[in-house]
1. Simple spin-label model, 7 Å along Cα-to-Cβ: Ile42 to Ile13 in nm?
2. So what are the radius of gyration and Dmax for the Cα set of the chain, in Å?
3. Quick one: which residues, 5 or more positions from Tyr31 or on another chain, have an amide H under 5 Å from its amide H? H modelled 1.01 Å from N in the peptide plane, none for Pro or chain starts.
4. Give the range of the longest stretch in the chain that excludes all chymotrypsin sites (Phe, Trp or Tyr not before Pro) found in loop regions by DSSP and having at most 14 other beta-carbon atoms within 10 Å.
5. By how many nm would the segment from Ser101 to Glu120 lengthen if fully extended, with 0.36 nm per residue of separation less the alpha-carbon distance?
6. Checking the cross-link filter: which aspartates and glutamates have an alpha carbon closer than 18 Å to that of Lys137, excluding same-chain neighbours under 8 positions apart?
7. Using +1 at the Cβ of each Lys and Arg and -1 at the Cβ of each Asp and Glu in segment 3-156, identify which of Ser49, Val6, Leu76 lies farthest towards the dipole's positive end.
8. Roughly how many debye, to the nearest 20, is the charge dipole of the chain about its Cα centre, given +1 on each Lys and Arg Cβ, -1 on each Asp and Glu Cβ, and no other charges?
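Just so it is clear, none of the values below were taken in a lab; they were calculated from the coordinates. Given the structure is predicted, the values throughout are model-derived calculations rather than measurements. Every residue, glycine as well, gets a Cβ built from its backbone with ideal geometry; the counts of neighbours run over all protein chains shown.
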Amino acid sequence: MFSLYVDADSVPIKHRNVIIRRILKERIPSYFVADRPLKDVIEAKREFSQIEMIVVDKGINSADSKIVEMASAPALAITHDIPLASLLIEKGISVIDDRGSEFDEGTIKERLSERNMMTEMRNMGLYISTQRRFDQKALERFSNAFDRKISELKKTTK
């Protein structure tokens, strides 16, 4: 069986609802890591004991560091954090983001380079980032990617 790691600080509640429903249905051992307790995760743990709500100290990358420390393949991780995704892929873990993008060894290098360039541009005052809203289509893309990765992992880890 595989495990699921969720960078829960950055995952919207509608996305967590999708994740939790699937975890409960499939009985997937799961770890939600955040700098605060999340009520929906704690309630789900009452239904399935292999859901863990791991609360880390507030601070830059504290949740990321904990996920990297804990995670081992076979697993799926959900994060919007590109450097975290890169570290997890190095450990052989499948990664998707909260918008339904899947990352692998090839795509993560490009995204990491893009992210670093945009950070440098912002630091120089040359670029102002704009995030697209989370709408129903974004939730559907995430849900479809999540279902696809769960199905793939189930097939390969029997």
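1. Here the modelled spin labels are 1.4 nm apart.
2. 15.6, 51
3. Answer set, sorted by chain and number: Leu4, Tyr5, Val6, Glu52.
4. With a cap of 14 other Cβ atoms within 10 Å, the longest stretch comes to 1-126.
5. 4.5 nm
6. Asp97, Asp98, Glu102, Asp147
7. The listed residue farthest towards the positive side: Ser49.
8. 600 debye
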